[in-house]
1. For residue 339, which of the numbered conditions (1) within 16 Å of the ligand (Cβ to nearest atom); (2) in a loop (DSSP other than H, G, I, E, B); (3) touching a strand residue (DSSP E or B) at 6+ places or on another chain (Cβ under 8 Å) fails to hold?
2. Would you check if residue 286 is in contact (Cβ under 8 Å) with a residue 40 or more places away in the chain, closer than 24 Å to residue 151 by Cα and surrounded by fewer than 23 Cβ atoms within 10 Å (Cβ to Cβ)?
3. How many of the residues in the stretch 81-110 are closer than 18 Å to residue 43 by Cα and either free of Cβ contacts under 8 Å to residues at least 24 places away in the same chain or surrounded by fewer than 20 Cβ atoms within 10 Å (Cβ to Cβ) (or both)?
4. Can you tell me which of (1) surrounded by fewer than 13 Cβ atoms within 10 Å (Cβ to Cβ); (2) in the same structural domain as residue 98 (by TED's automatic domain parsing); (3) in a loop (DSSP other than H, G, I, E, B) is the one residue 298 doesn't meet?
5. Every residue in the stretch 301-320 that is part of a loop (DSSP other than H, G, I, E, B) and within 19 Å of residue 191 (Cβ to Cβ), please.
6. So is residue 127 crowded, with 24+ Cβ neighbours inside 10 Å and more than 11 Å from the chain's Cα centre (by Cα) or not?
7. Which ones in the stretch 304-320 are surrounded by fewer than 17 Cβ atoms within 10 Å (Cβ to Cβ) and within 16 Å of the ligand (Cβ to nearest atom)?
8. Might you let me know whether the stretch 235-246 holds any residue that is farther than 20 Å from residue 179 by Cβ and within 17 Å of the chain's Cα centre (by Cα)?
Ligand SMILES: [Zn+2]
């Protein structure tokens with residue numbers, strides 16, 4: 001055989017080897033929608049079952065975000081959504097059950113209204129401000145109002161969730177409101193406020209740093225929580241989960257392991273048939289977790305018998321606010337720190353992008 005023929009065969013082999021991986025890479029990337037802008041984010045609503053990858057941090061300042069249902073995969077790539085602002089629940093409602101398996105139609109608020117067989121990973125949501133007044137049963141959280149057979153991995157949320165509720169079945173969570181799923185390696189730094197304005201019937205009220213009411217796995221999460229819960233029915237407050245129960249969902253019990261909880265929940269339960277569930281990890285265990293171990297807590301259960309004043313972070317009738325603007329620098333986002341000089345109520349918002357992002361836009 002001639003040397004030239006051998007070289008030709010080797011060349012053909014080399015070219016085919018080089019072509020195979022590039023074809024595969026194209027096939028893989030063609031199935032994933034890349035997200036660069038707010039309008040790319042909104043486009044998730046047109047294909048809620050799709051696969052998405054966040055390509056950079058996104059500033060949601062000035063957007064009134066409408067919660068959308070999601071049944072796909074969102075890979076955050078370590079990027080962050082800043083200044084998420086939500087003032088109303090999503091359009092769709094979804095069923096949920098209380099501890100007596102009574103069914104309610106739930107309104108849902110969060111970046112996603114409902115996550116259904118969905119997965120979100122390696123994502124940050126910082127400076128979130130979810131503030132809702134709901135005329136009916138409602139759950140609100142930063143990532144999703146309801147999770148159903150979904151996984152949330154390495155998701156970090158920071159912000160405030162406030163719900164004024166006129167319904168009966170209601171709750172606020174750091175990551176999720178109602179439902180079930182797996183929550184792993186998540187971090188939460190949140191202020192949660194829940195005000196019950198249903199005075200005719202006793203409400204079922206839930207609060208949890210990860211999940212307000214439901215069932216699943218919670219592991220390797222770190223929660224730093226301040227909660228304010230004013231209730232004329234039954235409270236179920238937990239540093240991680242308010243009430244642990246299947247609620248009629250076809251999901252088996254999970255593991256609650258290797259989490260840390262720091263924080264305080266202030267609450268009253270204006271109800272003679274008092275239960276007043278409020279614990280560092282799980283408020284009420286109506287279902288027992290398969291395993292619950294190695295959870296480190298520094299948690300304060302702060303119950304007051306005074307029910308004449310709604311509990312909230314701001315203590316003053318007329319607050320005196322002091323604003324400190326932290327400028328963005330060295331590629332990090334800036335923000336504004338607000339502090340009431342009288343009662344010390346403090347929060348951060350108005351995150352501002354570093355220069356390279358502004359130029360890019
Ligand atoms: Zn004040």
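The values are calculated or read from the model by the stated rules, or taken from the named source; none is laboratory data. Please read these numbers as outputs of a predicted model, since none were measured by experiment. Note that we place each Cβ from the backbone using ideal geometry, even for glycine, and neighbour counts take in every protein chain shown.
1. (2)
2. For residue 286, the condition - in contact (Cβ under 8 Å) with a residue 40 or more places away in the chain, closer than 24 Å to residue 151 by Cα and surrounded by fewer than 23 Cβ atoms within 10 Å (Cβ to Cβ) - is met.
3. Of the residues in the stretch 81-110, 3 are closer than 18 Å to residue 43 by Cα and either free of Cβ contacts under 8 Å to residues at least 24 places away in the same chain or surrounded by fewer than 20 Cβ atoms within 10 Å (Cβ to Cβ) (or both).
4. Here residue 298 meets the rest and fails (3).
5. 304, 309, 310, 311, 312, 313, 314, 315, 316, 319
6. Values: crowded, with 24+ Cβ neighbours inside 10 Å: yes; more than 11 Å from the chain's Cα centre (by Cα): yes.
Yes; evaluated as a whole, the condition is true for this residue.
7. 309, 310, 312, 314, 315, 316, 317, 318, 319, 320 - these are the residues of the stretch 304-320 that are surrounded by fewer than 17 Cβ atoms within 10 Å (Cβ to Cβ) and within 16 Å of the ligand (Cβ to nearest atom).
8. Initially, the stretch 235-246 is screened for residues farther than 20 Å from residue 179 by Cβ, giving none.
No - not one qualifying residue is present in the stretch 235-246.
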